[in-house]
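The values are calculated or read from the model by the stated rules, or taken from the named source; none is laboratory data. Not measured: the values here are computed from a predicted model. All Cβ positions, even for glycine, are placed from backbone atoms using ideal geometry, and neighbour counts span all protein chains on display. Remember, those area values only see protein heavy atoms, side chains included, never the ligands or the DNA or RNA. Shrake-Rupley method; radii C 1.70, N 1.55, O 1.52, S 1.80 Å.
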Amino acid sequence: MAKSDSKHCRPVLIIPGFMSSGLAVQKSIHKSWEGKRLWLNISSAGFNSLHVGGALRKNEQLRSTRDLPAGDSFDQSSEEMHQEYVKQIECKSRWLWHIRLQPDMMREKEGVEVRPVPGTAGVDYLAPGALTETMSYVFGPVLKLLKAKGYTEGVDLDAAPYDWRIPPSVLESRDKYFTNTMKTIERLYSKSNNKRVVLLCHSMGCKTGHYLLNFALYQLGKTDGQAWIDRHIHSYVPVGAPHIGAQKTIRAIIDGDKMGLDVFLDKDEGLMLGRSLGSAPWLFPVESSDGLDSTMAPPQSPTETTLPQPLPIPTVILRHESSLQISIPAQKIDLKSFVHNRKRMPPTKLRLAIQIGNDVLLRTDFVPVTKEGRGRSSLHVNFNDGTWLIACPPTIQQTLKRFPYIQLHLEEPGSTGTAPKQHRGIFHIDILWAFRCLCCLIEWIFCCPCTVLWKLGCCVIRGAKKGADIGAALLGESRVIGHSSSVDWKKGLLKTNGDAEGGGTLYDICTNIQPTGDVRFGFFLAKAMPQTFNIKVKWESNKFTSAASTIVCHQRRKNVTNRNAHDKQKDILYNSCNKNVELLQMEGLKNAIHLLKETYGNDPLGPLSLSAWQPPPINKVIAIYGINLDTEIAGVYKRNPSVQMSSSGERQSVKQLFVLDKEATLNKNHSDTYVMEDGVIRETKKTPQKMIGGGIEQISGDGTVPYWSLQHCRAWRGKCDVKIHELDQAEHRAILNDKRFHKILLDLLEIMSE
């Protein structure tokens, strides 16, 4: 058995953080993907040039606005770029398909196996290569440093990469990760002349290492497990550790996480990816003991000193709002009244637009017009059921003041300025038919040349208008061919919702949609018959009660002269969310809540308690982390102005119910100690922090993990020997390439005395 030559250094086992282990496809239904490195080698996945706003995307946008006749084609370069675009879109879709988990946030897709790249090759650089190493390093600089000091991989130096997408309990049940890591520690111990191993962890790897120590107790029994730890492990070294979570993980699951791939992934793709990761709840911020349920903090003795401190400010701040549910049942509209006398061809597709007050306009997708018989009188359109949620002021009285009416519009593709003309054919004669014929005959007899020129000019103008109309349709413009009157719904909504706590019942509205303009036909110029349309409305107040927030307020726009605009700004208030899980419930993330309560809550090793804020079962802890960088500590959210739901009540695609409130701003008494941008609040080096052990200091976190979480290891003093190294201006990932950190690490690894 090979032995280490570095006699004066302790062996090291590296446990990387979130997104810091390379992942490769071992098995796939797409055989060409087997063996590919999935994370993070984008070029090997095949969509390295699919940049958001890049040439390929711009070419597709230009192609989408051009409508060529049959048989024609785009120029060769455009066609080649289009084929490359299609190829890369397919590659990106398959990349997402492989890396995303199933809706339960624990299992992979059927027929897919993605596993970590083993050994130090899985933790050195995410994208190995001469040009990418400097941008994608993880433990690469540390490995280079240790090997230069005589360390040998597999003898006194190794790594334990893991699938960072799944919960820790699944890591063990699926991959036997913690069992195998214990064997790796035993191997390093044996090959290094029985020198105890240093557990070097970074970011979420610190929580993984903490969980590993408790797993040893659980697996071997408390007495034998503690003896195994004391014999094989010298120290636990958490670097940039989110001991009790990081607030940005809440934002990632609500607002999406592109994982640094902003130029490749769009908003929806980042949201789908962020909401499929079962490891996200592991990093949720642990709230103070008096505000936690049993999942996050099991009952403890009142004298327990290692309980998490209260959050400096609430993690989630919500704009105080209610919601308005607009539903249309599936129904059919007869189009005879709308197209009976049209000169041009009848529309091929239509959509319904719902105008709510002056601020909100909802639209369905275009629906094809169908024909049941002969002639235009047999045309009709079938609208499917649909539901929207609209953000509203807190009370129903304020809601009705902002949205005093509702109105329906029937739209077809085309320019808004070219209304379809009506004609009066032989089958649509009226009582003035004889007079019109006489005028036409006189016109042709007495002014034939002028009439010919006039008709030619009209033909040219009609052609130009038709071309503009087609272009407008391609660009997404639409034209109204029918509308209802404005429906004053105040009495109905107050009657069905005004006295109900949290919202009442659905209020049915029945209105008539009539053709645009004064359309008449038949011998007696009869008016066109309107079509009846039904719509259902329900108002709901905020279902969660919480205290008013004194941290943020609404950013008032300057030079606002409109009185209604002033009233809207005056009505905007904010509340502090008592528990993070409430926002998940309001967002409808049932799978994440179930995972949090069942998988994490029922784990005997307590990934959110025993293996988070309680002391690890080890004698020596050396915590190293950066400080004094602006670090995210809270998010301010508001309801999405309008979200379309499917018929089953689920959101279409991955649209959000809540989004970051970019109109919020800090109150004056917090503007000196925090900074805020686009709804995200960050602590700064001027932020006062309540220090564990007493006192208040102005300090902040490492740019990713807030200081509140980094300093929690101070609470373990008295339970184990804790040494802390705070590195000024050391960023969360960059600390691994920081010379100050390297010096501390080498001093730690040198054996002075056992």
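Assorted remarks:
- Applying a threshold of 24 Å to the alpha-carbon distances of 144/191; 332/495; 92/258; 31/144 flags 332/495; 31/144 as lying beyond it.
- Ranked by the mean number of other Cβ atoms within 10 Å per residue, highest first, peptides 240-246, 361-367 order as 240-246, 361-367.
- Ranked by the mean number of other Cβ atoms within 10 Å of their residues, highest first, the peptides 687-696, 318-327, 505-514 fall in the order 318-327, 505-514, 687-696.
- Protection proxy ranking for 698-709, 114-125, 621-632, using the average of other Cβ atoms within 10 Å per residue and placing the highest first: 698-709, 621-632, 114-125.
- Alpha-carbon centroid distance for the pair the stretch 156-175 / the stretch 712-748, whole angstrom: 24
- Take every Cα pair under 8 Å whose residues are at least 6 apart in sequence, average their separation, divide by the length of the stretch 102-177, and the relative contact order is 35 percent.
- The charge dipole of the stretch 311-373, taken about its Cα centre with unit charges on the Cβ atoms of Lys, Arg (+1), Asp and Glu (-1) only, comes to about 520 debye.
- With a simple spin-label model that places each label point 7 Å from the Cα along the Cα-to-Cβ direction, the separation between residue 372 and residue 668 comes to 6.8 nm.
- Full extension of the chain segment joining residue 153 with residue 30 gains 40.9 nm, where the gain is 0.36 nm per residue of separation less the Cα-Cα distance.
- The heavy atoms of residue 223 offer some 110 square angstrom of accessible surface to a 1.4 angstrom probe.
- Two-site label geometry, residue 677 and residue 268: point separation in nm, points 7 Å out along Cα→Cβ: 2.9
- Entries in 401/638; 719/743; 336/491 that, when Cα-Cα distance is taken, lie over 23 Å: 719/743; 336/491
- Length gained on full extension, residue 630 to residue 365: 91.1 nm, using 0.36 nm per residue less the C-alpha separation.
- For the stretch 665-754, the spherically averaged projection of the C-alpha convex hull amounts to 7.9 nm².
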